[in-house]
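So the structure is just underneath, and the comments pick up after that.
The values are calculated or read from the model by the stated rules, or taken from the named source; none is laboratory data. Just so we're clear, the structure is a prediction, and the values are computed from it rather than from any experiment. Ideal geometry is used to build each Cβ from the backbone, glycine not excepted, and the neighbour counts take in all protein chains shown.
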Amino acid sequence: MTSPAHVEASRSGRVAPRGPEPHQGFLRRYIFSTDHKIIGIQYIFTGLVMAIVGASLAALIRLQLGWPEHQWVLLSRLLPRGLPGGVMTPEFYLAVVTMHGTIMVFFFISYVLVSGFGNYLVPLQVGAKDMAFPVLNMLSYWVALASALTMLASFFVEGGAAAAGWTAYPPLSAVPAAVPGSQMGQTIWLLSMALFIASFTMGGLNIVATVFSVRAPGLSMMRLPLTVWSYFIAAIVGLLAFPPLTAAAVMLLLDRHFGTSFFLPAGLVVANKALPNTGGSPLLWQHLFWFLGHPEVYVLILPALGVACDILPAFTRKPVFGYRSSVWCLVAVACLSMIVWGHHMFVSGMSPFSGEYFSLVTLAITVPMTMFGVNMLASLWGAKLQLHTPALFALGVIALFGSGGLGGLFLGNATADMQLHDTYFVVGHFHMMIGGVTMLATFGALYFWFPKMFGRRMSEAAGKLHFWLTFAPFFTIFFMQHFLGLEGAPRRYYAFTAYDYLQRTRGQNLVISVAALVLIGGQLLFLANFIWSLFRGRAATENPWGATTLEWTVASPPPHGNFETIPLVRRWAYEYGIQTPQGDFAPQTWAPPQAG
Amino acid sequence: MNLALLPSAGAATDAPPRLDPRRAALVRQQQVRLGLWMFLATVAMLFAAFASAYLVRRSGSDWHPLALPRLVWVNTLVLAASSSALEAAHRAGRARRWTGARAAMIAAVALGLGFLAGQLAAWRLMTVRGASLAASPQSSFFYVLTGAHALHLVTALAVLAWTAAAAGSARRDPHGWSAQMSVCRTFWHFLGGVWLFVLALLLLS
């Protein structure tokens, strides 16, 4: 892709950022900025605020399941409609579960890890002064913020927030009388998702165009860090997989407000009232939703794996193992991710032949994924591990990816899934994968690149404690939920105590709830460390971890426009274990002194 | 917030080196073309989703064939004429006949607007005939597909109108204008193709 014209062009620094120059006012510099670093940080801050909301909702869920009959007097004052008399209403519980999932998937992990770090890292790591389309990038953030605010607003409308699950299956999501959350809350949910997709399209387009068109000279595709590869592939997957949900959202809105019958079947009776709809297909929604939903999982998890792969070498002081095969694994996973969505629908009455097909392709995904995981493990082989905070989180990614991934083997198999579908086994599995792998990678990235972003170090001691307060309870909660699922505990149930066979899971639920509260409490330590370090952290040098990629060759924080002159890249991103004047590594731009 | 912590707070050290505008424009054009094609890929996926929904819904028991108003054929011709006008503008630009290029661009935009007006009239005709949005699944799809297509067309028309307006200064920057024309042609002909696809789908019933 790098034409000679382009090489010369970018060497002379011509592909200059179109953003405001540093002498411009506060508003253009920090609020309406087109600088990819500011936009990345805006995404990260927005995502972290949304994570606080999502975690509070998780706390509410666990209070209900851990102590089912307890009266929470203080909470009833805070949320008089949700917990009248201190006990949660079933409708509120459903809204809380729905919004917890929606916010964590789309507004925490997507914003912080994918859009936040994607924006911050990709231009720096490809040696560009900014994204290919800086104004579009700014627009992407503002639409994303509007999407998040819209979603939050749904808590305050008549009937409360959406309550049909983060998957919004009709008829529950299509008929306002079905559940209070399906009144205005569901409409707002759909509009917010449409905004999210519009924003993601703008961001994804930018990442692909940036990687293709403004790579520094010498930076061939096969010299890119795995971080850039993972964002690049995730962006392409997102661009292709998200539009169908826009189509589905349009049709669901029409069903909800204009009396059409895309998803609503004939003969439906809701709240003792027969609906006039004819012939619609609720399964059609499931197909369209999961055509987005499953690739979305990979849009989140690929960057998590890429980031972990790039954090680790700085602490193993050796190259990653099997770089080329890892890249091709990412490509293979991306392709396969587009054709496996049906494994979410094994119990929908699909033909056994379709089920067999979806089982086979799903199990086929485990081949490249396992190769990738083995490459990560082999990267540790013979390393003198330096267990700094980012390294701990990156190792946590491998641990959760391995153990959580095993559950996928059961769920990808139609026969086993029939039994496990919609039980806590599924909840445990996906929390370990798109919850845990991505969350640990997000924290790893925050600790690793914090010095670069803000020019200060975070506290190591607090960071390590935060790791253990995150990893241990997280693993406890979701490992145990697998067993709850094996015992037949269904997900999304508000009062499991109403069923005899689930009475004996009370103890397990209590332990899970206590672990969840420890987990959430542990995050306060992170917040305190983050905010304290922003203002009072030790000053960071240009390259505190002794890492090789291009962002570590510029000041911390990098100046506007990133590079004074566009760097000339001379090697791949994993040149560790060789002696140079910088230490036991060679930055990607380093050239050995000419002999003679 | 301590502003010194934030990235751009550093001293302005990046005074850009001397620029070569011709090469800069070339890279920019490559980027815009790449961006456009990726955007069109998302549009293709959107219509693929509508089409698959259409095919699934078509197998329902309540599916009744629906006669499209003849007007849609006239609209199709108008859209084809608009595409031809765009091509004429492109050829005129290459021959440096700027007055002709501008006139052809204005014709393309006007015909595009004519298509939209025609589509609106087709909607009214359908409603008058009783084929409203919620009347039958086929009519629901008629409005959704034509509506989604029209919304994309409005965006493309804005790009066309902007290029038509730039025709005045094209004499000074013929390369810039021809790059803009290339975006217009890809975008507009692509949406023309999408319209033929939508029309074929609606005729399936």
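Does A:LEU83 fit the bill of being in contact with a His (Cβ under 8 Å, 6 or more places away or on another chain) and either under 23 Å from A:ILE477 (Cα atoms) or crowded, with 21+ Cβ neighbours inside 10 Å (or both)? In short, no. Just to be sure, is A:TRP166 in contact with a His (Cβ under 9 Å, 6 or more places away or on another chain) and away from chain B (no Cβ under 14 Å)? So A:TRP166 fits the description; yes. Of all residues in the stretch B:108-119, none are small (Gly, Ala, Ser), touching a Gly at 6+ places or on another chain (Cβ under 6 Å) and buried (at least 18 other Cβ atoms within 10 Å of the Cβ). Screening A:ALA378 with (1) in contact with a His (Cβ under 7 Å, 6 or more places away or on another chain); (2) at pLDDT 95 or above gives one miss only, at (1). For the stretch A:205-240: of the residues being among the aliphatic types (A, V, I, L, M) and more than 21 Å from the chain's Cα centre (by Cα), which is surrounded by the most Cβ atoms within 10 Å (Cβ to Cβ)? Per the stated criteria, the residue is A:LEU219. Here the stretch A:465-492 is the region considered, the condition is being surrounded by fewer than 17 Cβ atoms within 10 Å (Cβ to Cβ) and not hydrophobic (A, V, I, L, M, F, W, C), and the residue that is nearest to A:ILE38 (Cα to Cα) is A:ARG492. When the helices (runs of 4 or more DSSP H) confined to the stretch A:216-322 are screened for residues that are touching a Leu at 6+ places or on another chain (Cβ under 7 Å), those reaching at least 3 such residues are found at A:226-241, A:243-258, A:282-311.
From the list A:LEU336, A:LEU330, A:LEU292, the lone residue that is closer than 30 Å to A:GLY583 by Cβ and either touching a residue at least 24 places away in the same chain (Cβ under 8 Å) or not aliphatic (A, V, I, L, M) (or both) is A:LEU330. For the stretch A:520-554, a residue qualifies if it is in a helix (DSSP H, G or I), aliphatic (A, V, I, L, M) and away from chain B (no Cβ under 12 Å), and the qualifying residues are A:ILE520, A:LEU524, A:LEU525, A:LEU527, A:ALA528, A:LEU550. Hey, any hits in the stretch A:301-314 for a residue that's surrounded by fewer than 20 Cβ atoms within 10 Å (Cβ to Cβ), modelled with pLDDT of 90 or more and either touching an Asp or Glu at 6+ places or on another chain (Cβ under 8 Å) or at negative phi (or both)? Within the stretch A:301-314, not a single residue is surrounded by fewer than 20 Cβ atoms within 10 Å (Cβ to Cβ), modelled with pLDDT of 90 or more and either touching an Asp or Glu at 6+ places or on another chain (Cβ under 8 Å) or at negative phi (or both). When you look at B:GLN138, is it surrounded by 14 or more Cβ atoms within 10 Å (Cβ to Cβ), touching a Pro at 6+ places or on another chain (Cβ under 9 Å), of a type outside the set (Phe, Trp, Tyr) and assigned to a helix (DSSP H, G or I), yes or no? When the stated conditions are applied, B:GLN138 passes them.
Screening A:ALA153, A:ALA128, A:ALA95, A:ALA144 for residues that are over 30 Å from A:TYR30 (Cα atoms) and among the small types (Gly, Ala, Ser) leaves exactly one candidate, A:ALA95. Within the stretch A:494-519, the set of residues being closer than 20 Å to A:MET432 by Cα and part of a loop (DSSP other than H, G, I, E, B) is empty.
Among the candidates A:GLY160, A:GLY118, A:GLY127, the residue that is at pLDDT 95 or above and at positive phi is uniquely A:GLY127. Return yes or no: is A:ARG29 of a type in the set (Lys, Arg), modelled with pLDDT under 95 and surrounded by fewer than 17 Cβ atoms within 10 Å (Cβ to Cβ)? Criteria not met by A:ARG29. Regarding the stretch A:427-442, can at least one residue be identified that is buried (at least 21 other Cβ atoms within 10 Å of the Cβ) and touching a Pro at 6+ places or on another chain (Cβ under 6 Å)? There is no residue in the stretch A:427-442 that is buried (at least 21 other Cβ atoms within 10 Å of the Cβ) and touching a Pro at 6+ places or on another chain (Cβ under 6 Å).
Suppose the filter is at pLDDT below 80, within 10 Å of chain B (Cβ to nearest Cβ) and in a helix (DSSP H, G or I); does A:GLU21 pass it? No: the conditions fail for A:GLU21.
In the stretch A:244-259 there is no residue matching the filter, namely being aromatic (Phe, Trp, Tyr), in contact with a helix residue (DSSP H, G or I) (Cβ under 9 Å, 6 or more places away or on another chain) and in contact (Cβ under 8 Å) with a residue 24 or more places away in the chain. B:ARG96 falls short of the stated requirement of being surrounded by fewer than 16 Cβ atoms within 10 Å (Cβ to Cβ), without any contact (Cβ under 8 Å) to a residue 60 or more places away in the chain and either away from every other protein chain (no Cβ under 11 Å) or within 15 Å of the chain's Cα centre (by Cα) (or both). With respect to B:LEU71, determine if the residue is modelled with pLDDT of 90 or more, surrounded by 14 or more Cβ atoms within 10 Å (Cβ to Cβ) and not polar (S, T, N, Q). So B:LEU71 fits the description; yes.
Among the residues of the stretch B:45-58, are any within 11 Å of another protein chain (Cβ to nearest Cβ), surrounded by 19 or more Cβ atoms within 10 Å (Cβ to Cβ) and of a type in the set (Lys, Arg)? Looking through the stretch B:45-58, at least one residue is within 11 Å of another protein chain (Cβ to nearest Cβ), surrounded by 19 or more Cβ atoms within 10 Å (Cβ to Cβ) and of a type in the set (Lys, Arg).
Can you find a residue in the stretch A:478-488 that is at pLDDT below 95 and not in a loop (DSSP other than H, G, I, E, B)? For the stretch A:478-488, residues at pLDDT below 95 and not in a loop (DSSP other than H, G, I, E, B): absent.
Restricting attention to the stretch A:123-134, does a residue exist that is charged (D, E, K, R) and surrounded by fewer than 24 Cβ atoms within 10 Å (Cβ to Cβ)? No, there is no match, as no residue in the stretch A:123-134 is charged (D, E, K, R) and surrounded by fewer than 24 Cβ atoms within 10 Å (Cβ to Cβ). Taking A:VAL179 as the residue in question, decide whether it is touching a residue at least 60 places away in the same chain (Cβ under 8 Å) and more than 29 Å from A:LEU302 (Cβ to Cβ). When the stated conditions are applied, A:VAL179 passes them.
Residues of the stretch A:196-215 that are touching a Pro at 6+ places or on another chain (Cβ under 7 Å) and part of a loop (DSSP other than H, G, I, E, B): none at all.
Checking the stated criteria, A:SER173 turns out not to satisfy the condition of being closer than 22 Å to A:ALA304 by Cα and either within 13 Å of chain B (Cβ to nearest Cβ) or at pLDDT 95 or above (or both). Looking only at the stretch A:322-341, residues that are farther than 14 Å from A:ALA573 by Cβ and touching a Phe, Trp or Tyr at 6+ places or on another chain (Cβ under 7 Å) come to 7 in all.
Of everything listed in (1) closer than 24 Å to A:LEU253 by Cα; (2) in contact with a Phe, Trp or Tyr (Cβ under 7 Å, 6 or more places away or on another chain); (3) aliphatic (A, V, I, L, M); (4) assigned to a helix (DSSP H, G or I), the single unmet condition for B:LEU133 is (4).
For (1) small (Gly, Ala, Ser); (2) modelled with pLDDT under 95, each residue gets a yes or a no:
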{"site": "A:ASN413", "(1), (2)": "no, yes"}
{"site": "A:LEU420", "(1), (2)": "no, no"}
{"site": "A:PHE425", "(1), (2)": "no, no"}
{"site": "A:GLY428", "(1), (2)": "yes, no"}
{"site": "A:ILE434", "(1), (2)": "no, yes"}
{"site": "A:THR438", "(1), (2)": "no, no"}
{"site": "A:THR442", "(1), (2)": "no, no"}
{"site": "A:LEU446", "(1), (2)": "no, no"}
{"site": "A:LYS452", "(1), (2)": "no, no"}
